[in-house]
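K.L.:
Structure incoming, see below.
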Amino acid sequence: MSIGEYPSTWLTGAGQAGHGGQAGTGQAEAGLSSTAATGGTGLAGTGLAGTGLAGTGLAGTGLAGTGLAGAGPGADLSGRLTALARVIQIGAARSGPEGFSQPLLAEAEQLVARAGERLRLSPSHTVAVLAGGTGSGKSSLFNQMAGADFSAVGVIRPFTKDPHACVWGMDGAGPLLEWLGIPHRNRYARSSALSEGEASLRGLVLIDLPDHDSVAAGAAVETNRLVGLADLMLWVLDPQKYADASVHRRYLTPLAGHSSVIAVVLNQSDLLSPEQAEDCVTDLTRLLDSEGLHDARVLVTSARTGAGLGELRKVLAETVTERRAATDRIAADLDAMAERFVPYAGAARGAGLDTAAEDFAEVPPGSVVVLGESFTKAAGAAGVGQALQSARELRAVDYVGWPVSWLVDRALGHDPVRKLRLGNLWEELRGISGGPAGAQQAEIDNALTAIGEQIGPTLPLPWSNTVRVAARSKRDEIPGALGTAIGESLPEENSVEPWWRLVAVWQGLLLGCVVTGLAWIAALLVIGVFHAVHHAAAIFSDAALLPWVVILIAAILTLGWLTASGCMSMVSAAALRDRSRVEAQMRSRMQDVAEQLVLMPIKQELSEYARFCGALQSARR
Ligand SMILES: Nc1nc2c(ncn2[C@@H]2O[C@H](COP(=O)(O)OP(=O)(O)O)[C@@H](O)[C@H]2O)c(=O)[nH]1
Ligand SMILES: [Mg+2]
């Protein structure tokens, strides 16, 4: 059993005191949110409602202005409480069935609020409660210490319904008593006439609790609440019932971590012989030891004869003088609470929580490359590169190509729709950048799952899940981003290189030569061979020129073809270079998308995990 299994009413006390007006001054210290929990009411009664904790009353710890912000245990404590508040804030954003336990977060928040309140409310007073079963002698001890019969002692049907408080040195105790919820009629002050011995008790608030086992309605609730708020707990047992299971099981065992702020008082020692009393103490000490309460002091008293009351007074005086009970109590609460958060930090880190920061799960190196590659595939970047290359080549053919080859191609029926294809290709290329249609959502999903699976299992719950969720958090934006990445990588237009135009002129000249040559052949045939015209110039009539002109035309045709193929191979090389450049650019943009939309959210979550572990470490001693 842990402290967490206290009856929950123990921890709701801060809110019940109805003293909210003074809370919420500690925001600067806690530095967490703008809405302070007033009087610790932030959560009690409202429940967590799934959303609630982040940004609600963590700031109301009221640690600033407690006088504990400087050096010493208080400063340490305030730091620890702030750290716990951070733990809660981080946890609250991840609560739920597989996340942080909402009841645990609520309890922790109540602890922070309660502790902050207690530290702010008169840290110079020490609240000691007399707790225990009916008839053990709490009220009698209270009256003995207070020096008057303030609290009714049960004779026939013993019970104390409301808590009674006696304050040694009333100055500044009012708000504290309000907060504790002690009815006005049950407050007694020992301020006016503190005798010699009493002066050492200045600052003590002694409370006689209702019996936790009382039949009176609400008494147990009230007891639990005040036990939760007390700085020092005096558990009063009597010789008949000192091993009473209900006290041990319900209260003492769960308070094992609090033994420095617990004293066990074996009252009614006048009913025992000295030997019997000694046996009793031995037995009780053994029992407490077995319950883990090693540091708890054991006192033997008799409210009837006054035996042992000096010792009790001494213990109280020491506690009051040390002024440490309040902080010790909170520290013990914090210890137990922080321990319960350890599983969320992971088994490896749970042991010491002092592992160096580099041990934290990280995004594996090279993830951005792997993801970028997957995205490149998903977006069909290779096809885009291929299409770009083809589009460049087809565009260049118009300029550097050898028109005679086209005619031949056309005549032979090759590639009749080349132009059409060129137009479409470019349109399609531009279209890819338009939106998600191009990218394969399934492939993207697989890549996201893969990275989540790679990192998730290295983390404890709920982080293993939240990292997976983070990996997919921007899933819907990815296809669009990939399309944009492709669009931005593509050249604005399928532009024409200047040298293509020069080659085009050259090819035009060659074509002109071919046409002229053909005309020449025609002239030679008509004039030289068929003698259709007389007295023509020798150059058109000498049939012997015919083979030479044919050879000339063949040479020009070859030259045109050679020019075309030479230029085309240059064009292809350039297009390939363009393609690689664009592909490299697409790849790097895909990696940017991977970094921005996948790895950043993961890294943020991992850093929250590290922050959580750090805060938890600070919250622990
Ligand atoms: N013999 C003896 N009786 C005591 C002692 N302290 C209290 N009682 C008696 O035990 C009964 C219950 O005492 P009370 O103070 O009301 O106990 P509470 O229920 O714990 O507050 C009363 O009859 C007391 O007189 C003690 O030290 N010795
Ligand atoms: Mg009583």
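K.L.:
On full extension of the chain, what length is gained from Glu178 through Ala382, given 0.36 nm per residue of separation minus the C-alpha to C-alpha distance? Intermediate values should be presented prior to the final figure.
P.N.:
Numbers: separation 204, 0.36 × 204 = 73.44 nm, distance 7.47 nm.
Gain on stretching Glu178 to Ala382: 66.0 nm.
K.L.:
Over 5 Å intervals from 0, what percent of Cα-Cα pairs in region 221-330 sits in each interval?
P.N.:
Percent of pairs per bin, in order: 2, 12, 22, 24, 21, 14, 4, 1.
K.L.:
Same structure again: Could you estimate the translational diffusion coefficient of region 502-553 from the Stokes-Einstein equation, with Rh from the Kirkwood formula over C-alpha pairs, at 4 °C and 1.567 mPa s, in whole µm²/s? Write out the running numbers ahead of the final one.
P.N.:
Details: Rh = 11.6 Å.
It diffuses with D of about 112 µm²/s by this estimate.
K.L.:
Continuing with this model, one more query. Going by amide H atoms built from the backbone, whose H comes under 5 Å of the H on Trp235, apart from near neighbours?
P.N.:
Amide H to amide H, under 5 Å and 5 or more residues apart or across chains, Trp235 pairs with Ala131, Ala263, Val264, Val265.
K.L.:
Between Lys241 and Asp445, what is 0.36 nm times their sequence separation minus the Cα-Cα distance? Round to one decimal in nm.
P.N.:
On the way: separation 204, 0.36 × 204 = 73.44 nm, distance 6.60 nm.
Stretched out fully, the Lys241 to Asp445 stretch lengthens by 66.8 nm.
K.L.:
Using the Cα centre as the reference, give the magnitude of the dipole from point charges on the C-beta atoms of region 216-269 (Lys, Arg: +1; Asp, Glu: -1; all else neutral), rounded to the nearest 20 debye. Working shown, then result.
P.N.:
Numbers: 4 positive and 4 negative charges, 30 e Å.
It comes to approximately 140 debye.
K.L.:
For the pair Thr484 and Arg340, how long in nm is the line joining their label points, each one 7 Å along Cα→Cβ?
P.N.:
For the pair Thr484/Arg340, the computed spacing is 4.5 nm.
K.L.:
Given R₀ = 35 Å, what would the calculated FRET efficiency be for Glu373 paired with Asp409, taking r from the Cβ atoms and rounding to 0.05?
P.N.:
Details: r = 39 Å, r/R0 = 1.12.
Computed FRET efficiency for Glu373 and Asp409: 0.35.
K.L.:
What is the percent of Cα-Cα separations in region 361-620 that go past 29 Å? Walk me through the numbers before you get to the answer.
P.N.:
Working: 18751 of 33670 pairs.
Value for region 361-620 (Cα pairs over 29 Å): 56 percent.
K.L.:
Sort out for me the Cα centre separation of region 108-137 from region 552-610, rounded to whole Å.
P.N.:
72
K.L.:
Compute the FRET efficiency between Asp149 and Thr305 as 1/(1 + (r/R0)^6), taking r as their Cβ-Cβ distance and R0 = 22 Å, and round to the nearest 0.05.
P.N.:
Numbers: r = 17 Å, r/R0 = 0.76.
That gives a FRET efficiency of 0.85.
K.L.:
Ranked by Cβ crowding within 10 angstrom, fewest neighbours first, how are Leu209, Leu371 ordered? If you can, show how the numbers build up before the last one.
P.N.:
Values: Leu209 29, Leu371 25.
Least crowded to most crowded, the residues run Leu371, Leu209.
K.L.:
While we're on this one: Lys and Arg at +1, Asp and Glu at -1: add these up for the other residues within a Cβ distance under 10 Å of Gln441 and post the number.
P.N.:
Numbers: positive: Arg475; negative: Glu443, Asp445, Asp476.
Net charge in that neighbourhood comes out at -2.
K.L.:
Turning to a different aspect of this structure: I need Ser139, Ser489, Ser580 ordered by Cβ neighbour count within 10 Å, fewest first. Mind dumping the intermediate values first?
P.N.:
Numbers: Ser139 26, Ser489 22, Ser580 12.
In order of increasing Cβ crowding within 10 Å: Ser580, Ser489, Ser139.
K.L.:
Now for a different question. Rounded to a whole number, what is D in µm²/s for region 122-324 from Stokes-Einstein with the Kirkwood radius over alpha-carbon pairs (37 °C, 0.692 mPa s)?
P.N.:
Working: Rh = 16.8 Å.
The estimated diffusion coefficient comes to 195 µm²/s.
K.L.:
Going 7 Å from the Cα of Glu322 along its beta-carbon direction, which residues of region 295-314 have the amide nitrogen within less than 19 Å of the resulting point?
P.N.:
295-300, 310-314
K.L.:
While we're here: Between Ala199 and Glu275, what's the calculated FRET efficiency when r is the beta-carbon distance and R0 is 35 Å? Round to 0.05. Walk me through the intermediate numbers first.
P.N.:
Details: r = 37 Å, r/R0 = 1.05.
FRET efficiency, Ala199 to Glu275: 0.40.
No value in this document is a laboratory result; all are computed from the given coordinates. This structure is a prediction, so every number in the text was calculated from the model and none was measured. Cβ sites come from the backbone with ideal geometry, for glycine too, and all protein chains shown count toward neighbours.
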